[in-house]
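The values are calculated or read from the model by the stated rules, or taken from the named source; none is laboratory data. Nothing here was measured: the structure is a model prediction, and the numbers come from that model. Every residue, glycine as well, gets a Cβ built from its backbone with ideal geometry; the counts of neighbours run over all protein chains shown. Accessible surface areas use protein heavy atoms only, side chains included; no ligands, DNA or RNA. Shrake-Rupley method; radii C 1.70, N 1.55, O 1.52, S 1.80 Å.
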Amino acid sequence: MKIVHVASELFPLIKTGGLADAVAALAKALAEFGHDVAVILPGFRAVLDHPEFAPARLEFEVRVEMGDEFLRGEVYKLSLGRRRTLYVVRRDEFFDRRAPYGIGTRDYDDNAERFIFFNKAVVEILRLAQLKADVVHCHDWQAGLVPVLLRASEQRHDETLALGTALTIHNIAFQGLFSKKAFALTNLPEDFYSVEGLEYYGQMSMLKAAIVFADRITTVSPTYANEIRTAQFGCGLEGVINSRAADLTGLLNGLDGEVWNPATDALLPANYASDDMAGKAICRQRLLEKSDFDPEFAGPVFGIVARFAHQKGFDLILGAKDFFLQNDVRLVLLGGGDPRYENAFRELAAAHPGRVSLTLGLNETLSHLIEAGSDFFLMPSIFEPCGLNQMYSMRYGTVPIVTRVGGLADTVTDFEAAPTDGTGIVVEPEVASLRKGLARALALFADKSRMAQVIQNGMRHDFSWTKAARGYEALYRDIG
Ligand code: ADP
Ligand code: GLC
């Protein structure tokens with residue numbers, strides 16, 4: 001089959017979160033099954049500057065109708081490996097910026113123009129490159145208009161550009177909501193701006209557009225597929241989701257074993273595997289040193305790598321922060337985002353040097369070291385569509401402490417609920433429950449043989465992409 005992915009992130013070229021890892025790994029797995037895979041990305045500065053982009057060639061130009069004017073874009077093409085091609089839409093006015101979506105928690109004011117342009121350019125690429133796709137697979141709101149633009153364009157030109165479309169929702173909390181004025185830039189007939197179409201409480205919603213018009217909808221774990229049908233998790237879109245329930249599936253993400261494998265990971269000071277754990281102690285030692293902690297410290301080290309957002313449970317962690325001060329433990333944090341949390345942890349780290357360490361910003365190497373060098377990985381999300389870090393931590397022999405939501409519930413089994421095959425500590429998304437979970441972590445750490453068993457269970461669990469990719473393949477066959 002010919003499968004075209006449309007996304008705004010792709011590891012290693014541009015990444016702000018798990019979306020980048022998921023799209024890259026899925027594209028790779030599908031190509032390995034023998035499918036022809038193309039990925040279409042916006043030409044963000046990070047992409048153009050990335051060393052892997054250097055061999056890309058200018059392929060053609062697109063002219064994109066945006067309301068009453070036409071805007072040009074350049075399309076670059078690059079091979080990502082066998083049966084994998086990348087197309088990059090370049091228009092520096094829109095994409096040559098420091099960050100892809102905005103600065104800090106503030107989105108760019110022209111995101112409607114930027115992403116409507118990108119979505120329209122995708123349709124032009126399908127036409128000009130004659131991709132003859134079996135399926136165009138869109139990820140998140142940033143690609144949300146593609147299914148409807150594609151159908152409108154096919155009708156207008158009496159042609160077939162793709163047999164079917166799929167949408168994967170990686171996070172329903174991000175919806176691409178813009179003012180009605182932006183709708184004019186789509187050049188869609190006025191009746192598409194309706195409750196049955198793109199309109200959402202007086203605004204245009206790019207995610208809703210895809211939920212309504214894609215042939216199939218998936219999300220990244222079975223539990224999240226059920227959760228988004230409820231008001232608690234649906235973020236206002238539960239009604240639309242329920243109207244498409246027959247076409248909705250939850251396919252659990254996997255992890256890319258070429259990037260996340262402690263036995264081969266070149267970003268670690270030492271490698272290790274489930275049958276030879278010596279290297280993990282070296283990683284732990286390096287993490288203690290890097291965090292300016294006592295390198296002889298023998299107690300438990302808790303790691304966090306995350307976007308600093310309400311989603312990731314930072315209010316729960318702050319609610320339980322006494323735990324980290326009253327017990328002889330260490331806490332290492334890497335991430336950034338919401339200034340509220342950045343400030344709170346900056347203060348905590350400044351007040352307790354030698355016990356709490358904070359590194360702000362994106363740091364690929366440190367993220368691998370925290371996964372490998374910690375004893376526990378803390379991820380008490382309020383909601384979590386899938387979550388990749390908890391899988392990475394299990395793979396790296398680090399016991400995850402997670403809440404029973406979304407993909408966390410689908411990937412981590414509590415070691416007390418499942419004494420023989422438990423892989424972590426599962427709590428409810430409440431401060432009191434997290435406190436209990438942290439206390440259970442201390443007890444587990446003290447029980448060396450039980451701790452070793454939980455670690456082994458996690459390391460040996462199969463989190464490969466094969467199963468999910470087979471699921472997507474079956475779904476494509478169904479629509480293509
Ligand atoms: P989300 O996509 O919601 O942020 P995931 O767990 O799915 O959560 O994926 C997060 C990804 O981003 C992981 O690969 C994680 O290692 C990475 N990541 C998050 N913050 C940082 C950071 N500060 N530096 C490096 N990698 C990070
Ligand atoms: C989103 C979700 C995260 C998921 C990732 C990849 O960023 O927040 O839970 O793992 O997408 O699908």
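Residue by residue, here is whether (1) crowded, with 16+ Cβ neighbours inside 10 Å; (2) at pLDDT below 95; (3) not aliphatic (A, V, I, L, M) holds:
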site	(1), (2), (3)
TYR76	yes, no, yes
SER79	no, no, yes
ARG91	yes, no, yes
ALA112	yes, no, no
LYS120	yes, no, yes
Scanning the range 434-480 residue by residue, those among the polar types (S, T, N, Q) and either farther than 24 Å from CYS138 by Cβ or not in a helix (DSSP H, G or I) (or both) turn out to be SER449, GLN453, GLN456, ASN457, SER464
Only one of (1) within 16 Å of ligand 1 (Cβ to nearest atom); (2) of a type in the set (A, V, I, L, M); (3) free of Cβ contacts under 8 Å to residues at least 60 places away in the same chain; (4) over 30 Å from LEU26 (Cβ atoms) does not apply to ALA278, and that is (1)
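Could you tell me whether any residue of the range 220-241 is in the same structural domain as GLN130 (by TED's automatic domain parsing), charged (D, E, K, R), more than 23 Å from the chain's Cα centre (by Cα) and in a loop (DSSP other than H, G, I, E, B)? Steps first, answer last, please.
Of all residues in the range 220-241, those in the same structural domain as GLN130 (by TED's automatic domain parsing) come to 220-241.
Now narrow it down to the ones that are charged (D, E, K, R): 227, 229, 238.
Still in the running and more than 23 Å from the chain's Cα centre (by Cα): none.
No, every residue in the range 220-241 fails to be in the same structural domain as GLN130 (by TED's automatic domain parsing), charged (D, E, K, R), more than 23 Å from the chain's Cα centre (by Cα) and in a loop (DSSP other than H, G, I, E, B).
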In the set ALA31, ALA54, ALA38, the lone residue that is away from ligand 2 (no atom under 16 Å from the Cβ), out of contact with any helix residue (DSSP H, G or I) (no Cβ under 9 Å at 6 or more places or on another chain) and open to solvent by less than 50 Å² (accessible area, probe 1.4 Å) is ALA31
Exception for THR230 within (1) of a type in the set (Ser, Thr, Tyr); (2) within 16 Å of ligand 1 (Cβ to nearest atom); (3) open to solvent by 40 Å² or more (accessible area, probe 1.4 Å) falls at (2)
Scanning the range 7-16 for residues that are open to solvent by 20 Å² or more (accessible area, probe 1.4 Å) and either within 15 Å of ligand 2 (Cβ to nearest atom) or in contact with a Leu (Cβ under 7 Å, 6 or more places away or on another chain) (or both) gives PHE11, LYS15, THR16
Heads up, the strands (runs of 3 or more DSSP E) in the range 64-175 (entirely inside) with at least 3 residues that are assigned by TED's automatic domain parsing to the domain that holds ALA25, within 15 Å of VAL6 (Cα to Cα) and touching a residue at least 60 places away in the same chain (Cβ under 8 Å) are 133-139, 162-169
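Would you mind finding the one in GLY480, GLY458, GLY422, GLY437 that is at pLDDT below 95 and either touching a strand residue (DSSP E or B) at 6+ places or on another chain (Cβ under 9 Å) or of a type in the set (D, E, K, R) (or both)?
On the way: GLY458 fails: at pLDDT below 95; GLY422 fails: at pLDDT below 95; GLY437 fails: at pLDDT below 95.
Going through GLY480, GLY458, GLY422, GLY437 in turn, just one is at pLDDT below 95 and either touching a strand residue (DSSP E or B) at 6+ places or on another chain (Cβ under 9 Å) or of a type in the set (D, E, K, R) (or both): GLY480.
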Among the residues of the range 186-211, the number that are touching a residue at least 24 places away in the same chain (Cβ under 8 Å) and open to solvent by 40 Å² or more (accessible area, probe 1.4 Å) is 5
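Restricting attention to the range 198-219, report how many residues are in a helix (DSSP H, G or I) and among the small types (Gly, Ala, Ser). Please lay out each step first, then the result.
Residues of the range 198-219 that are in a helix (DSSP H, G or I), as a first pass: 206-213.
Among the residues that remain, those that are also among the small types (Gly, Ala, Ser) are: 209-210.
Qualifying residue count for the region: 2.
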Looking across the range 289-312 at residues that are within 15 Å of ligand 2 (Cβ to nearest atom) and assigned to a helix (DSSP H, G or I), the single one that is surrounded by the most Cβ atoms within 10 Å (Cβ to Cβ) is LYS312
Within the range 242-266, residues surrounded by fewer than 16 Cβ atoms within 10 Å (Cβ to Cβ) and assigned to a helix (DSSP H, G or I) come out as ASN242, SER243, ALA245, ALA246
Within the range 429-461, the count of residues that are in contact with an Asp or Glu (Cβ under 7 Å, 6 or more places away or on another chain) and either among the polar types (S, T, N, Q) or not assigned by TED's automatic domain parsing to the domain that holds MET379 (or both) comes to 1
Scanning the range 21-43 for residues that are within 16 Å of ligand 1 (Cβ to nearest atom) and not small (Gly, Ala, Ser) gives ASP21, VAL23, LEU26, LYS28
